[in-house]
Amino acid sequence: MGANVILQGRMDELGLTQDELARRMNIALDELGGRPGDVSARTVRNLLNGSTRRPIGRTCAALEAVFGCPVADLGFAPPRTVVQAEDPVHRRTFLVAATGTVAAVATSPRLTRLGQRDADRFRSEYTELLRDDSRLGGARRVENRAIELTARIQSSLAGGGASDRVQRQMYRLASDTMCLAAFAAIDASAPRRARSHLDKALPLAGLAREGEAMYRVWDHLMLTSSQRENHAEAAAGAEVMKRSSAARRDPLYASLGHMRHANALARLHQPTESLRAMSFVEKAFGRAEDVRPSTWISFYDRAEYNALASYVWTALGEHERAESCLHRTLAAIPDDMVRNKALYTAHLSLSQARQGEVELAAGTGRRAYEMLLPASGSLRTTRTLAVTRQVIEATGTKASEAVSWIEESGRWI
């Protein structure tokens with residue numbers, strides 16, 4: 001009777017402790033059967049140490065709902081009464097029976113068929129996660145909750161029928177939610193973890209048959225390439241974005257694709273090509289000003305445009321121009337976007353340091369760190385501040401404000 005290393009591996013992949021898995025299983029049982037679960041950390045320990053080799057009933061249903069796969073894929077022996085996976089009605093019947101609800105009711109189309117209300121309920125949860133992400137940045141709990149939500153959406157799709165319209169909405173939402181998990185990992189400077197999430201998001205976007213969903217996956221793939229310093233791959237990803245159906249239909253998508261391309265080209269030391277791309281960025285963005293953006297691309301407003309442009313100017317060595325862009329961004333960005341305000345303030349500090357304004361940079365860097373909420377996981381921000389400190393230290397400055405900040409920041413960078 002050995003330990004269940006497969007389940008432990010899946011838990012590690014999602015960053016789940018025993019207590020957290022028990023909590024999620026209880027949430028799943030409440031949603032599946034309409035009454036609270038009683039899974040404890042001890043239950044999970046028994047699942048992990050091999051004491052429970054064949055979970056049954058409510059425990060089996062909860063595990064499959066949380067991880068979005070049969071228990072056999074989690075290292076367990078399957079239930080003795082195996083339900084054929086290709087029969088969604090029977091599958092739903094088994095889940096309902098396992099959670100203590102009358103099994104016969106599960107054959108009712110009202111319970112098995114997904115409708116617009118189901119899609120709206122999941123979208124409400126996704127919107128709440130977006131708000132948390134804009135405040136906290138790459139917090140692991142935001143990433144994990146997004147993974148959990150994706151699994152529940154997929155489980156719902158596997159357990160019940162839906163119209164083509166609702167099904168496509170659900171697949172789009174599952175892809176978007178997985179992209180949110182990936183972006184949280186990107187903000188936490190964990191590009192490999194983000195890439196794993198995006199590998200799952202890409203087929204979901206395909207099932208949604210939605211060009212904007214595919215574009216978002218490619219955008220985040222491009223960011224992971226850039227974070228791993230593979231700028232040639234980032235440039236190739238940006239080319240896909242520029243040539244996508246979404247970019248052909250909507251100038252805002254075209255502008256963002258050109259912006260990502262300009263950034264990659266600048267980091268490949270191709271300034272002429274980068275500047276040419278920036279001219280396309282500006283023209284496309286100008287054409288989009290009278291177009292109402294769809295939900296995701298709405299983040300790319302004038303404030304974000306200037307912020308992303310600052311990255312290009314920084315890569316081209318034009319730090320004064322980058323600083324000007326960042327001032328415009330910070331003047332326009334909403335106060336509730338705490339993570340972005342801190343991140344762009346950190347980049348402002350770096351641009352000031354690179355221009356030799358060491359005392360000003362130190363004060364700006366201090367403000368950036370103070371903006372971060374205690375639960376924030378935005379390593380992009382703190383690592384930008386770490387580079388700022390290195391630039392200031394390299395000057396050999398004796399200015400009191402700069403020396404004080406170097407000592408202070410050493411405790412948290």
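Quick note: the coordinates plus some simple rules give every number you see, no bench work behind them. Please read all numbers here as calculations on a predicted model, not as lab measurements. Positions of Cβ are backbone-derived with ideal geometry, glycine not excepted, and every protein chain shown enters the neighbour counts.
At a glance:
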| read-out | value |
| --- | --- |
| Cα gyration tensor shape for the chain, rounded if a/c is under 1.5, else prolate or oblate | prolate |
| Set of the stretch 215-245 residues, backbone N closer than 14 Å to the point 7 Å along the Cα-Cβ line of residue 269 | 231-232 |
| Cα-centred dipole magnitude for the stretch 229-293, charges only on beta-carbon of K, R (+1) and D, E (-1), debye, nearest 20 | 220 |
| Separation between Cα centres of the stretch 156-221 and the stretch 245-316, rounded to whole Å | 23 |
| Loop-resident sites, the stretch 230-324, for trypsin sites (Lys or Arg not before Pro), counting at most 15 other Cβ within 10 Å (DSSP) | 243 |
| Candidate aspartates and glutamates - alpha carbon under 16 Å from residue 341, same-chain residues fewer than 8 apart omitted | 132, 133, 187, 301, 304, 323, 370 |
| DSSP-assigned coil residues among trypsin sites (Lys or Arg not before Pro) in the stretch 138-224, each with at most 16 further Cβ atoms within 10 Å | 209 |
| Translational D in µm²/s for the stretch 301-413 (Stokes-Einstein at 4 °C, 1.567 mPa s, Kirkwood Rh from C-alpha pairs) | 94 |
| Pairwise label distance in nanometres, residue 282 with residue 8, each label 7 Å out on the Cα-Cβ vector | 5.8 |
| Value of relative contact order over the chain, rounded to a whole percent, pairs C-alpha under 8 Å and six or more apart | 11 |
| Size of electric dipole in the chain: Cβ of Lys, Arg +1 and of Asp, Glu -1, about Cα centre, debye, nearest 20 | 1060 |
| Dipole of the chain [Lys/Arg +1, Asp/Glu -1 at C-beta], most positive-end residue of 18, 392, 189 | 18 |
| Of 118, 290, 336, the one that fluctuates the most in a GNM where the chain has Cα springs shorter than 10 Å | 290 |
| Theoretical ellipticity at 222 nm over the chain - DSSP helices of four or more residues, -39500 (n - 2.57) apiece, nearest 500 | -23500 deg cm²/dmol |
| GNM result for the chain, Cα springs below 10 Å: residue of 161, 396, 206 fluctuating most strongly | 396 |
| Helix runs (DSSP H) in the chain reaching 27 Å along axis by Cα, Kyte-Doolittle at least -0.5 | 140-159, 164-187 |
